[in-house]
């Protein structure tokens, strides 16, 4: 039978994936697993977002929905004086994010399980970043944006990347909640935008 999956193939799928990337000039290594978002390489949306975040040295940063850590860990390595909090609702993602912090020898980040911001301390962040999940529903997006507004310091900013199909919704929601919206880059598939408190 053509295309039959063997036991050896299944066992190979159980093994972790490890790959190296250069992000924002930083050499990064990531250990991932099938079932995590973009397990073989850092996705184009995260790369685009990282390319449009301004200098954040000495900042308090929150990576909301951090996955295995592509965005938050890159910022932690690029800005060693910053303090990066990374949260995700998926315990597998958190496990790999913690492994990747160790692999990249990063000590300026804290990583923990949280449904949105429900486990995040009362810090007022200078910067919140997120690669907005494409199919989570507008209710969740509104929760994320309102919570971000509440947890940002004055003049703090929320930077997001999203699929282009959501850019008009994001523009309306940001204008509603923050009173401002700025599109930083629209590529073929993704848009990077920012709102400032």
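The values are calculated or read from the model by the stated rules, or taken from the named source; none is laboratory data. Remember, predicted model here, so these are calculated numbers, not experimental data. Cβ: placed from backbone, ideal geometry, glycine included. Neighbour counts: every protein chain shown.
Results, tabulated for the structure shown:
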{"quantity": "Of all residues making up the stretch 85-111, the number that are surrounded by fewer than 21 Cβ atoms within 10 Å (Cβ to Cβ) and touching a helix residue (DSSP H, G or I) at 6+ places or on another chain (Cβ under 7 Å)", "calculated": "3"}
{"quantity": "Test for residue 116: is it modelled with pLDDT under 95, at positive phi and not in a helix (DSSP H, G or I)", "calculated": "yes"}
{"quantity": "Among residues of the stretch 133-168, those that are in contact (Cβ under 8 Å) with a residue 40 or more places away in the chain, surrounded by fewer than 12 Cβ atoms within 10 Å (Cβ to Cβ) and not in a strand (DSSP E or B), counted", "calculated": "0"}
{"quantity": "Qualifying residue in the stretch 3-24 (condition: in contact with a helix residue (DSSP H, G or I) (Cβ under 6 Å, 6 or more places away or on another chain) and either loosely packed, with under 15 Cβ neighbours inside 10 Å or over 27 Å from residue 135 (Cα atoms) (or both))", "calculated": "yes"}
{"quantity": "Residues being over 17 Å from residue 114 (Cα atoms) and outside any strand (DSSP E or B) - total across the stretch 72-92", "calculated": "10"}
{"quantity": "Where a residue in the stretch 1-30 is on the phi > 0 side of the Ramachandran plot and part of a loop (DSSP other than H, G, I, E, B) and its partner, wherever it lies, is modelled with pLDDT of 95 or more and surrounded by 13 or more Cβ atoms within 10 Å (Cβ to Cβ), with Cβ under 6 Å and at least six apart", "calculated": "24/50; 24/74; 24/78"}
{"quantity": "Given (1) farther than 29 Å from residue 95 by Cα; (2) touching a strand residue (DSSP E or B) at 6+ places or on another chain (Cβ under 7 Å); (3) surrounded by fewer than 18 Cβ atoms within 10 Å (Cβ to Cβ), number of the condition residue 197 does not satisfy", "calculated": "(3)"}
{"quantity": "Hits in the stretch 169-182 - residues which are in contact with a strand residue (DSSP E or B) (Cβ under 8 Å, 6 or more places away or on another chain) and touching a residue at least 24 places away in the same chain (Cβ under 8 Å)", "calculated": "170, 174, 177, 178"}
{"quantity": "Looking only at the stretch 42-69, and only at residues there that are in contact with a helix residue (DSSP H, G or I) (Cβ under 8 Å, 6 or more places away or on another chain) and without any contact (Cβ under 8 Å) to a residue 60 or more places away in the chain, the one that is nearest to residue 158 (Cα to Cα)", "calculated": "50"}
{"quantity": "Evaluation of residue 82 against (1) over 19 Å from residue 151 (Cβ atoms); (2) surrounded by fewer than 22 Cβ atoms within 10 Å (Cβ to Cβ); (3) in contact with a strand residue (DSSP E or B) (Cβ under 9 Å, 6 or more places away or on another chain) (one fails), failing number", "calculated": "(1)"}
{"quantity": "Hey, residue 64 under 23 Å from residue 108 (Cβ atoms) and at pLDDT 95 or above or not", "calculated": "yes"}
{"quantity": "The lone exception for residue 59 - which of (1) buried (at least 18 other Cβ atoms within 10 Å of the Cβ); (2) more than 12 Å from residue 129 (Cα to Cα); (3) at pLDDT 95 or above it fails", "calculated": "(3)"}
